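A quick write-up on the structure given underneath.
None of the figures in this text is laboratory data; all of them are computed from the coordinates on show. The structure presented is a predicted model; accordingly, all values stated were derived computationally and were not measured. Here Cβ is always computed from backbone atoms with ideal geometry, including for glycine, and neighbour counts include all displayed protein chains.
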Amino acid sequence: MQSANTLDTHDVLSAWQNHHSKSIWAMAIIVDCQGHSYRKRGAFTLINQEGEQLGVLSGGCLEADIRLMARKCLSLQKIMTKEYDGTDENDASYQMGCGGIVWIKFIPLNEHNNYLNLREVLHQLEQRENVIYGLDYNTQENSICSYVNSHHQAQLNVEIMPKVHLLICGGGKDATPVCDFAKQLGWQVSVWDPRAAYANKNDFINADTIIKLSHTKLGHYANTQKVNFSVLMSHSLELDALALASLANSDIKHIALLGPKKRFNEVVVKCALETSAIKPIISGPAGLDIGGELPTSIALSIVAKFHAIAFNKPS
């Protein structure tokens, strides 16, 4: 299970939904920042009256004060704003290492503001839909309005993405760390392998779904479950080729093939499709060239490559 302070937005809202009726909660959200900051505009955490916190807004330097401010906000049932300035190196108040300035707004969650529509945000994320979340606020009048997928131009608009969904095709021992690394990032992970001796539940205890369907169903599964990335690592030319053929017309963004370039070419040839006929981007060898030959190093490189693609970072 992930630490509460490493949860992504979906997990933060899921955890809050499970416990919000047992306590009162406040949102702490970054409404503006200048210079470098650990989290950016629109990032938020949820904190209850006991100081329990879901998510983080800093590397740890601000969290104690954020919890104090949230509890004060709840006590007063009042919207509050605080500036955290890390530009003064002589000010050791918060020991901020980023050197920027962040403005955080603290907002009570209650029936009067419909819990800032966070339940609707969670519902959309559970449907694997992107969410445009907006806030209009007036601290002096203690008023707040929230919007989900509205055309209204709010003071703060942020796009919230659903979890990355990774499909691992191949259930051997070397696929286990790929699954585990992805789950550490909060991703959704499906593992497919039709062979009886592979994709054992004991080896993939962190996987969300283990699939034993025919390869002919993979494309449909990828589209209905909105898979973002897939890695083909069955160590079987035939299985990898069958998987690639089934996924060739899917909406997957990127498919990576384990093994050297020679094997990549062999899989594509056996797949009997021109690369121009394959809709997703395909690449091989899978992952970044970070060195190492053990399964954990290879798994790290594979997940890191997909992570870079997900966040539009060149690799």
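Structure summary
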| read-out | value |
| --- | --- |
| Length added when fully stretched, Ala196-Asn223, from 0.36 nm per residue minus Cα-Cα | 7.2 nm |
| Value of [θ]222 nm, deg cm²/dmol, for the chain, DSSP H segments ≥ 4, -39500 (n - 2.57) each, nearest 500 | -8500 deg cm²/dmol |
| Residue among Glu111, Glu126, Glu266 with the largest mean-square fluctuation in a Gaussian network model of the chain, springs linking Cα atoms under 10 Å | Glu111 |
| Proximal charge balance of Gly259 [Cβ under 12 Å; K/R count +1, D/E count -1] | 0 |
| Fraction of beta bridges assigned by DSSP in the chain that are antiparallel (%, nearest 5) | 65 |
| Candidates His235, His151, His165: whichever shows maximal mean-square fluctuation once the chain is modelled as a Gaussian network with Cα springs under 10 Å | His151 |
| Value of D in µm² per second that Stokes-Einstein yields for the chain, Kirkwood Rh from Cα pairs, at 25 °C (0.890 mPa s) | 114 |
| For Ile24, distant residues with modelled amide H under 5 Å away | Gln49 |
| Fluctuation leader among Ile210, Ile104, Ile281 - the chain, Gaussian network, Cα springs under 10 angstrom | Ile281 |
| Residue-span extension gain [Val31 to Glu83] - 0.36 nm each, minus C-alpha spacing | 17.7 nm |
